[in-house]
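First up is the structure itself, then whatever we jot down about it.
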Amino acid sequence: MSRRLFLRIANAVEAHNSYFKQNIDALGVLGLSCLQKVIAAHRILVYGILVDLTDEYLQIGKSTAIENLRAFVKAIVEVFGDWYLRAPNEANIYRLLSIGEQRRFQGMLGSIDCMHWKWEKCPIA
């Protein structure tokens, strides 16, 4: 993911939900930054790491990481859902079918079930 895209997501999530703003607790200790929270959520989602492992890398405890992940996913759906989680329009369908034809998957519209296709360069074939 490009830095520009990552920061766009982080800024949009922070503007949408005050949970992602950095706060100072009752003892005057600075809390987690928006970037720490978004990075933790990304690592859990992208790499499929256990929530416990965010403690080692980002100093976020298990319960905080779970709360953070829930807030992140909810914010992503609320901020980007209308555009990215909608049914494709005619222009999208045409673009996706064109990409599929260029890759020799005629008539395929975003399907990831390609197991019946023979892949010549498959390392285990």
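The values are calculated or read from the model by the stated rules, or taken from the named source; none is laboratory data. On a predicted model such as this, the values are computed, not experimentally measured, just so you know. FYI the Cβ positions are ideal-geometry reconstructions off the backbone, even for glycines, and counts take in every protein chain you see.
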* Structure fact -> When the range 69-102 is checked residue by residue, the ones that are free of Cβ contacts under 8 Å to residues at least 40 places away in the same chain, surrounded by 15 or more Cβ atoms within 10 Å (Cβ to Cβ) and not aliphatic (A, V, I, L, M) are Gly100
* What is the residue count in the range 1-54 for residues that are touching a Ser or Thr at 6+ places or on another chain (Cβ under 6 Å) and either buried (at least 16 other Cβ atoms within 10 Å of the Cβ) or assigned to a helix (DSSP H, G or I) (or both)? -> 1
* To do: Answer with yes or no whether Ile76 is aliphatic (A, V, I, L, M), at pLDDT 80 or above and assigned to a helix (DSSP H, G or I).
  => yes
* **Residue that is surrounded by the most Cβ atoms within 10 Å (Cβ to Cβ), among those in the range 55-68 that are on the phi < 0 side of the Ramachandran plot and not in a helix (DSSP H, G or I)** => Ile60
